[in-house]
Amino acid sequence: MGTLYIVATPIGNLGDITVRAREVLGLVAVVAAEDTRRTGRLLQALGIETKLESLHAHSEPRKLDRVVALLENGDVAYVTDAGTPGLSDPGAGLVAAARKAGHRVSPVPGPSALAAALSVSGMEAAGAVFLGFLPRRKQRRLKALQSASETGLPAVIYCSPRTVARTLEECRDYFADDAPVVVCRELTKLHEEIAESTLQNAAALEAVEKKKGEYLLVVGGGARPPREVSDARIADEMARERGAGRSARDAAAAVAARLGVPRRRAYDAGIERAQPRKARGRSKARS
């Protein structure tokens with residue numbers, strides 16, 4: 001039975017590779033990689049010629065089965081594009097499958113964007129909430145942010161250049177405006193930027209406005225104090241959601257999550273706003 005090594009690789013600076021990671025990558029029979037082209041360049045730079053096998057988030061189940069089967073004949077290392085596998089990547093599935101098949105799983109720790117960002121955040125806390133890349137669906141994103149804010153712990157969020165500004169804006173619905181925020185761009189790379197601000201002002205940071213590179217946000221813990229939300233505001237938000245084609249039920253769920261109001265209140269406000277229109281329509285039809 002072989003051993004599956006979960007190997008951390010540099011998140012930007014090749015000098016961050018550990019001695020043990022280099023040793024393991026050179027000794028295993030196969031290196032399974034999220035991106036064989038990127039990992040191929042890494043191995044070439046390290047002078048390693050170990051065979052590569054592709055395994056990414058969209059791989060068919062048979063690819064995962066193949067990697068597990070390779071463990072019958074020798075050790076296998078798994079690496080992702082950068083950092084420590086198992087965080088916002090397909091590593092967890094491979095670990096579970098290998099362990100189920102009776103193979104040993106061993107970590108080879110090293111670089112981690114999560115740990116790197118927390119280490120320079122300057123935020124003292126008993127822990128942190130790791131959200132990784134937020135869900136694409138807005139309702140699920142807002143629910144994740146709401147849950148994180150209620151813990152009182154800093155939240156760590158991965159962002160693309162396209163989503164960083166939107167994420168900071170959505171955080172304002174759940175975290176206090178004066179909550180500290182550390183924006184990390186291109187960590188450990190040539191153009192690394194680490195900027196500190198408050199949530200209210202973070203969107204204006206030069207690092208955010210560039211919208212270039214890989215981003216990681218550390219948002220200070222503490223939920224936004226409860227706000228009074230008028231029925232008119234709720235009705236406006238419901239109308240906007242219904243105008244986008246959502247059902248009354250889905251619209252109420254989205255508005256409730258965004259404004260921090262009971263779902264029933266959002267639903268009722270939307271119905272009340274819609275009723276006069278329907279009544280006018282019926283009256284017009286009778287005339």
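Summary of computed values
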| read-out | value |
| --- | --- |
| Helix 231-243 axis, angle to the chain major axis (alpha carbon atoms, nearest 10°) | 60 |
| Gyration tensor verdict on the range 139-235 (Cα atoms; rounded if a/c is under 1.5, prolate if a/b is larger than b/c, oblate otherwise) | prolate |
| Angle in degrees between helix 61-70 and the longest Cα principal axis of the chain, rounded to the nearest 10 | 30 |
| GNM result for the chain, Cα springs below 10 Å: residue of LEU55, LEU118, LEU205 fluctuating most strongly | LEU205 |
| HN-Hα J in Hz across the range 110-117 - Karplus 6.51, -1.76, 1.60, θ = phi - 60°, x for Gly and Pro | x, x, 8, 4, 4, 5, 4, 5 |
| Mean separation of Cα contacts under 8 Å, 6 or more apart, over the residue count of the chain: relative contact order % | 16 |
| Interchain or long-range residues, amide H under 5 Å from THR198's placed H | VAL181 |
| Under DSSP loop assignment and at most 12 Cβ neighbours within 10 Å, longest GluC sites (Glu not before Pro)-free interval of the chain | 125-227 |
| Fraction of beta bridges assigned by DSSP in the chain that are antiparallel (%, nearest 5) | 45 |
| Cα gyration tensor category, rounded, prolate or oblate, for the range 1-42 with a/c compared to 1.5 | oblate |
| Accessible surface, the chain, averaged per residue in Å² (probe 1.4 Å) | 54 |
| Exposure of ASP250 as accessible area (Å², to 10), given a probe of 1.4 Å and all protein chains | 80 |
| For the chain, calculated [θ]222 nm from helices alone, where every DSSP H run of n ≥ 4 adds -39500 (n - 2.57) | -13000 deg cm²/dmol |
| Restraint check, LYS138/LYS211; LYS189/LYS210; LYS100/LYS189; LYS63/LYS212; LYS100/LYS143; LYS138/LYS189, Cα-Cα greater than 26 Å | LYS100/LYS189; LYS63/LYS212; LYS100/LYS143; LYS138/LYS189 |
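The values are calculated or read from the model by the stated rules, or taken from the named source; none is laboratory data. Just so it is clear, the model here is predicted, and its values are computed rather than measured. Note that each Cβ is placed from the backbone with ideal geometry, even for glycine, and that neighbours are counted across all protein chains shown. To get the accessible areas, we keep the full protein, side chains included, count just its heavy atoms, and leave off ligands, DNA and RNA. Shrake-Rupley method; radii C 1.70, N 1.55, O 1.52, S 1.80 Å.
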